[in-house]
Amino acid sequence: MKICLVTAFPPSRDALNEYGFHIASELRQLQGIDLTVLADEYSPMLPELDGFSVVRCWKFNSLRNPWRVLKAIRREKPDVVWFNLGFASFGGEALPAFLGIAIPFFARITGSYTHVTLHQLMETVDLKDAGVRFPLAYKVGGFIATQMVLFANSVSVMLPAYRNVLKEKYGRGAVYVRRHGIFSSRPEYPDFSKRGNPEQRILAFGKWGTYKRLEPLLEAFDEVVERCPEARLVVAGTDHPKTPGYLQGLQQRYAHRKEINFIGYIAEEEIPELLQRSSIAVLPYTSSAGSSGIAHLACTYGVPMVASDIPDFRRLADEEGIAIDFFTPGDIKALAEHLADLLGNRERQVEMALQNVSAALRMSMPEIIREYLRTFELRQGIEAMRSISRLRKLPRWFPMRNRLVKRKAKVLMRSTLNDAGIMPAPLSNPEPAEVVYMSDASRRDVPVSKTGTDGM
C-alpha cells in the first residue's frame, strides 16, 4: 500500500509535527507500506531526518497550498492520502487556513482515497481564548470547513464526544474514533530515582500565549515554593503562532528567579530525560483545542498531571483511565494547593504515575496505526464494490459495459488476495459476482469505537 501522509514534519516546528513524526515512524517499519511524507516548508532549512521520504510541498499561510499539494499527490499516485490536521494546520490567517482544510475535499474529487485525522472541532474551541477577532465569521467558516472535511472517504477523531458532535450536527460522513495514542511503541516505566532528588520539577509544556497562558501558573508557583522550597518550575515549548514574543516577555520578567527555567523548544531526543525528571506535568489551560498531546506524552513516561477542570480533560480521564488531579480553571489559589499537596505526597505521585503508564500500555502507537490500516483496507474494499455495483447498473447496451465490470472485478480480486498474502492465479474470464468479497483481515475489522457505536 502506498501512502502519502500530509502533515507538518520535523525539523519543522509547526503544530502537529510531533504527531506526524510518530505516525510516519510506525508506518515506515511495516512491510508492504510505501510511505511518502508531504510536509511543510520552513526556514532555515535543515537536513531531512534519516530513513524518511519527504517532499516539502506546502507552506504555512500560503494561498498556493491546495495547488501544490494536489500536484504532489498526482505525481506520487498513492493508494491512500492521509491528512494529519487541525483547523489551523495550514495557516494562522482565515483564508489560507480555510483553503488548507479544504485540500482533502479537493483530493477526493480529483480521484484520491482520502482519510483525515482531525485533532479538534470548531465546536469545542473557545474562540475568545484562541484570539479570534470575528467569532461569528469563524463559526460560519468553521461549519463550512467541517462540511468539506467530511467529504473525505473517512475521518478519525480522538474522543467519542467529537464523533457524537459530527453525527448530530452534520449527520453524515464515515467518522471513526481513534485514540490519540502515546508517542512511542511502548511506554517507559517511570524512573522514580530521578524525581525529587533533590529537586521537585513541575513541567509546563506546550505552545503558549492563547488558551495556554502561564501567568496564573507563575503566580501560583510563588505559594508552591513557600510550602515546597525544593520545587522548580520548568517551562518548555514555544510561542503560539498568534502570540509571537509571549515567552520572551515572561522570561525577561522572571529572569531573576533561579527556580524558574524557560528552556524553549525541546528536540525529540531530549524529551525522555525531560519527562523522567519531572515530578508533575501541569496543564493550566483555560480551554481546550482537542485531545491533548502533552497529556499523552506525560502518560508515556508515567508523569502525574495537574490540569484545569475542562470537558476534554475530564473525557480523557474517564475514557482512557488517565490519572489527573483537577483544579477550577483560573483559580490560582486552587492550582497552588493542588501542586503543593501533590509534591508533598510521594505515595500519591507513585500511584498516579503507575496509573498513567498503565493507561499508556493500552494505547501504543503500533496498535493504533494497525487500526488505521485495517480501516483503509475495509473502506477501499467497500468503495471498490460500490464502483462495481454502479457499473453493473449501466444498461446492457452500454458500450463495453461487461468488459469494464470484469476489469474492475479483476483488480479488486487481485488486491484482495494480495492483502491476504495469496498470489492470485491467472484468470481467463473472471465472474464479477464471484470475486466481490473482502479478506479475512477486513471481515474481522468492523470500525467500532470504544463506546460500541459503529464507524460507518
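The values are calculated or read from the model by the stated rules, or taken from the named source; none is laboratory data. Please read all numbers here as calculations on a predicted model, not as lab measurements. A quick note on method: Cβ atoms are made from the backbone with ideal geometry, for glycine too, and the neighbour counts reach across all protein chains shown.
Residue-by-condition table, conditions (1) surrounded by fewer than 18 Cβ atoms within 10 Å (Cβ to Cβ); (2) within 15 Å of Asn261 (Cβ to Cβ):
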residue: Glu188; (1), (2): yes, no
residue: Asp191; (1), (2): yes, no
residue: Arg201; (1), (2): no, yes
residue: Ala204; (1), (2): no, yes
residue: Lys212; (1), (2): no, no
residue: Phe221; (1), (2): no, yes
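Close Cβ contacts (under 8 Å, 6 or more residues apart or on different chains) running from residues in region 302-319 that are touching a residue at least 12 places away in the same chain (Cβ under 8 Å) to residues that are among the acidic types (Asp, Glu) and not in a helix (DSSP H, G or I) comprise Gly302/Glu188; Pro304/Asp325; Met305/Asp325; Val306/Asp325; Ala307/Asp325. You will find that of Phe98, Phe143, Phe87, the residue that is surrounded by fewer than 15 Cβ atoms within 10 Å (Cβ to Cβ) and under 27 Å from Thr210 (Cα atoms) is Phe143 and no other. Taking region 260-291 as the range and being part of a loop (DSSP other than H, G, I, E, B) and either within 14 Å of Gln200 (Cα to Cα) or without any contact (Cβ under 8 Å) to a residue 60 or more places away in the chain (or both) as the test, the residues that pass are Ala267, Arg277, Ser278, Ser279. One residue stands out in region 260-289 among those that are crowded, with 16+ Cβ neighbours inside 10 Å and over 21 Å from the mean Cα position of the chain (by Cα): the one that is farthest from Leu342 (Cα to Cα), namely Phe262. Which one is modelled with the lowest pLDDT among residues in region 185-220 that are in contact with a strand residue (DSSP E or B) (Cβ under 7 Å, 6 or more places away or on another chain) and of a type outside the set (A, V, I, L, M, F, W, C)? The extreme case among them is Tyr211.
Of the listed requirements (1) assigned to a loop (DSSP other than H, G, I, E, B); (2) out of contact with any Lys or Arg (no Cβ under 6 Å at 6 or more places or on another chain), Pro66 misses just one: (1).
Annotation note: of Arg201, Arg257, Arg232, the sole residue that is assigned to a loop (DSSP other than H, G, I, E, B) and farther than 30 Å from Gly91 by Cβ is Arg257. Inside region 204-222, residues that are outside any strand (DSSP E or B) and within 16 Å of Ile280 (Cα to Cα) make up a count of 5. Here is a check on your reading of the model: is Glu223 among the charged types (D, E, K, R) and modelled with pLDDT of 90 or more? Judged against the criteria, Glu223 is a match. Out of the residues in region 292-349 that are among the polar types (S, T, N, Q) and in a helix (DSSP H, G or I), which is surrounded by the most Cβ atoms within 10 Å (Cβ to Cβ)? Per the stated criteria, the residue is Thr300.
Is at least one residue of region 148-170 surrounded by fewer than 20 Cβ atoms within 10 Å (Cβ to Cβ) and modelled with pLDDT under 85? No, the conditions are met nowhere in region 148-170. Among the residues making up region 10-45, those that are in a loop (DSSP other than H, G, I, E, B) and either at pLDDT 95 or above or in contact with a Ser or Thr (Cβ under 9 Å, 6 or more places away or on another chain) (or both) are Arg13, Asp14, Ala15, Leu16, Arg28, Gln29, Tyr42.
Scanning region 153-196 for residues that are of a type in the set (S, T, N, Q), in the same structural domain as Pro104 (by TED's automatic domain parsing) and part of a loop (DSSP other than H, G, I, E, B) turns up just one, Asn153.
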